[in-house]
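For reference, the structure discussed in these notes is given below.
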Amino acid sequence: MADRLLIVEDNRDILASVVDYLELKGFVVDAIENGQAARALIQANHYDLVVLDIGLPGMDGFTLCAELRQRDRNPLPVIMLTARDAVEDRVLGFEAGADDYLVKPFALPELYQRIKAVLKRVQRRYEPVLQVGDLSLNTETRQVTRQGQAIKLDRKGYALLELLMKRWPEVVPHEDLNHTLWGDEPPDSAALKSHIYRLRQAVDGAFTGAMICNVAGTGYALVADAQ
Ligand code: CA
């Protein structure tokens, strides 16, 4: 099924060329020039991604983006557009929760590449079965296998592995891992270490090739092509 995009941009020339181009690329595209009207469309329809200008009539892009971030567990991916190349705009955009950022004027193929990259990242995040190398985790049944063999994990081990797989190939910082296990009040750092140790025994113990990799001083990451 084609991905459905919403383009929110009050410059009609830019809007028209973006819409034409993305339709040619096979997306289903809706277009709107007003921030408040965009919000109404988003409430009424399912979109896979929004391309959002910052300066808009009705409601500005920062405010709309921040609002989208709060609305549910599966936030709508946003690529922000702006004419201004100011660093503070970029920071504000990421603080508002934008997934990526493009400064005008931009080339249409560049926008297309960014859209594809964000969709790929986000859709992997929401697939029921996460796969990294020969390791597989089903977020619906909570079954974990490596090379087809079932791996038994306790609740915390499962939570750690799920986060590492969702964020793969990124390094997941200690604080994010701690937050997943204990929320805002993590115990001392030895606690995380001991859960990682047990997770390693379960995931790597019986197999050749350690997948759970310690990045000193930072966090942990999964390696897909473990030898
Ligand atoms: Ca504008």
Yes or no: His195 modelled with pLDDT of 95 or more and either of a type in the set (A, V, I, L, M) or not assigned by TED's automatic domain parsing to the domain that holds Pro77 (or both)? yes
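One line per residue, one yes/no per condition, for (1) in a loop (DSSP other than H, G, I, E, B); (2) surrounded by fewer than 22 Cβ atoms within 10 Å (Cβ to Cβ):
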{"site": "Ala2", "(1), (2)": "yes, yes"}
{"site": "Leu15", "(1), (2)": "no, yes"}
{"site": "Val18", "(1), (2)": "no, no"}
{"site": "Ala31", "(1), (2)": "no, yes"}
{"site": "Arg39", "(1), (2)": "no, yes"}
{"site": "Ile42", "(1), (2)": "no, yes"}
{"site": "Val50", "(1), (2)": "no, no"}
{"site": "Cys65", "(1), (2)": "no, no"}
Scanning the stretch 181-227 residue by residue, those β-branched (Val, Ile, Thr) and open to solvent by less than 60 Å² (accessible area, probe 1.4 Å) turn out to be Ile196, Val203, Ile212, Val215, Val223
Given the residues Leu111, Leu102, Leu81, which is the only one that is modelled with pLDDT of 85 or more, over 13 Å from the mean Cα position of the chain (by Cα) and in a helix (DSSP H, G or I)? Leu111
Condition met for Leu161 (in contact (Cβ under 8 Å) with a residue 12 or more places away in the chain, of a type in the set (A, V, I, L, M) and either surrounded by fewer than 16 Cβ atoms within 10 Å (Cβ to Cβ) or closer than 20 Å to Pro75 by Cβ (or both)): no
Can you list residue pairs whose Cβ atoms sit under 7 Å apart, with the first residue in the stretch 9-29 being in the same structural domain as Met59 (by TED's automatic domain parsing) and the second being within 16 Å of the ligand (Cβ to nearest atom) and part of a helix (DSSP H, G or I)? Count only pairs 6 or more apart in sequence or on different chains. Glu9/Leu15; Glu9/Val18; Val18/Leu111; Val29/Val19
Return the residue satisfying two criteria in turn: it lies in the stretch 4-13 and is within 22 Å of the chain's Cα centre (by Cα) and crowded, with 17+ Cβ neighbours inside 10 Å, and of such residues it is nearest to the ligand (Cβ to nearest atom). Val8
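The values are calculated or read from the model by the stated rules, or taken from the named source; none is laboratory data. Note that this is a predicted model, so its numbers are computed, not measured. Neighbour counts run over all protein chains shown; Cβ positions are idealised from the backbone, glycine included. Remember, those area values only see protein heavy atoms, side chains included, never the ligands or the DNA or RNA. Shrake-Rupley method; radii C 1.70, N 1.55, O 1.52, S 1.80 Å.
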